[in-house]
Amino acid sequence: MTVLRVENVTKALPGQSVLRGVDLVVEPGTITALLGASGCGKTTLLRLIAGFSQADTGRVLLGERVVDGPEGVVPAERRKIGYVPQDGSLFPHLSVRGNIGFGLTRAERGTRRIDEMLELTGLEGLGDRKPHELSGGQQQRTALARALAPNPHLILLDEPFNALDRALRASVCADVVALLRASGTTAILVTHDPLEAFATADRIAVMTAGVVAQHDDPARIYQRPCNPEVARLTGSAIFIDGTAAGDRVETPLGRLPAWPGGASTGPVQVMLRPEQIVPDAAGVAARPIAAVFNGAHYSLTAGLGGLELALQWPGTEPIGETVRLGVTGRCVSYPRAAGSIQPM
């Protein structure tokens with residue numbers, strides 16, 4: 001049985017259509033990353049699932065129960081959904097133990113549930129501290145423990161690591177994911193960072209302009225984005241023009257194999273990830289324009305005809321007046337739009 005189903009949900013704010021027909025299914029025990037740029041509707045969708053706002057049209061179901069739709073709306077406090085906002089929103093006057101127990105009944109607070117959450121989140125010995133006495137990572141674990149304490153059906157995390165510096169962010173993110181997996185909790189993590197989405201999620205739902213453009217496993221999302229916008233949102237991408245004939249595409253980099261399901265005839269736009277373009281003694285000659293040494297690789301800009309390709313060139317490979325380029329793996333082909341997409 002699915003934990004969550006969102007069916008053709010729309011939501012408008014004054015003068016702006018935010019959600020334009022969102023469909024999303026979340027299976028039990030999985031972590032789904034909701035990935036997209038600012039303003040695409042991620043947080044609006046999360047708040048609607050939580051019950052903090054109401055859909056204009058469409059339905060939201062938890063299991064077989066409609067919690068938002070023409071049949072009626074179930075209040076947020078009766079949905080059994082945990083919510084972790086961006087800043088954690090801990091109560092400053094309460095201890096860690098008090099924050100964790102806030103959403104529990106009086107009877108539940110008298111059980112070992114709070115101690116279990118302290119143990120699960122690695123906060124043993126910190127139960128009497130106030131939030132200002134905790135590190136940023138400890139505050140986030142406290143917020144997660146508070147959300148997990150009532151045994152919710154679903155946990156929603158709204159960019160919970162944004163306030164942390166980059167080094168701490170990676171470690172806290174890994175800790176939180178480990179806790180969610182240890183508890184078997186179903187979760188949706190909102191993020192604008194594709195690396196964070198790939199590192200945490202079983203499934204990624206990419207949002208663009210108020211809809212879920214693609215919902216798939218991380219590898220397929222990265223290798224076979226459904227359109228150029230999804231390709232850009234999920235990592236560095238190189239676009240070149242080509243001509244498709246069946247499962248092959250003629251390009252300035254040679255005749256490349258293409259993933260099935262894309263444009264298969266005529267003019268196309270080809271998408272490659274930078275790491276797919278590699279040194280190849282038998283490959284196409286290109287002219288180095290600029291190179292920055294980054295240790296493991298060079299950030300190399302190479303000219304090929306009228307194209308400028310931004311590549312990751314191995315740090316062990318010499319860069320002379322000419323480099324020869326080959327391609328590994330398959331490309332993705334899209335119908336060529338007027339004006340075509342420029343390489344990036």
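The values are calculated or read from the model by the stated rules, or taken from the named source; none is laboratory data. Predicted model, so just to flag it, every value in this text is computed and none were measured. Counting neighbours? That spans all protein chains shown, and the Cβs are built from the backbone with ideal geometry, glycine included.
Laid out as a table, the results:
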| read-out | value |
| --- | --- |
| Pairs where the first residue, in the range 283-297, is closer than 24 Å to P252 by Cβ and assigned by TED's automatic domain parsing to the domain that holds E308 and the second is among the basic types (K, R) and part of a strand (DSSP E or B), C-beta under 6 Å, 6+ apart | G283/R324; A285/R324 |
| Tally, over the range 212-267, of residues that are free of Cβ contacts under 8 Å to residues at least 24 places away in the same chain and polar (S, T, N, Q) | 2 |
| Number of positions in the range 189-211 that are free of Cβ contacts under 8 Å to residues at least 40 places away in the same chain and β-branched (V, I, T) | 0 |
| Tally of residues being within 15 Å of V211 (Cα to Cα) and either touching a Phe, Trp or Tyr at 6+ places or on another chain (Cβ under 8 Å) or surrounded by 22 or more Cβ atoms within 10 Å (Cβ to Cβ) (or both) across the range 25-41 | 6 |
| Wholly within the range 237-280, strands (runs of 3 or more DSSP E) carrying at least 2 residues that are among the small types (G, A, S) | 238-245 |
| Search result, residues across the range 284-304 that are more than 21 Å from T328 (Cβ to Cβ) and outside any strand (DSSP E or B) | G295 |
| Pairs, first over 27 Å from R113 (Cβ atoms) in the range 152-167, second assigned to a strand (DSSP E or B) and of a type outside the set (V, I, T), C-beta under 9 Å, six or more apart | E159/L189 |
| Scan of the range 175-212 for residues that are buried (at least 21 other Cβ atoms within 10 Å of the Cβ) and on the phi > 0 side of the Ramachandran plot, ordered by number | G210 |
| Residue among R59, R79 that alone is crowded, with 18+ Cβ neighbours inside 10 Å, in contact with a strand residue (DSSP E or B) (Cβ under 8 Å, 6 or more places away or on another chain) and assigned by TED's automatic domain parsing to the domain that holds V177 | R79 |
| Matching option when the condition is of a type in the set (V, I, T) and more than 20 Å from I155 (Cα to Cα), among V25, V3, V18 | V18 |
| Residues of the range 302-322 classified as among the polar types (S, T, N, Q) and over 35 Å from the mean Cα position of the chain (by Cα), total | 1 |
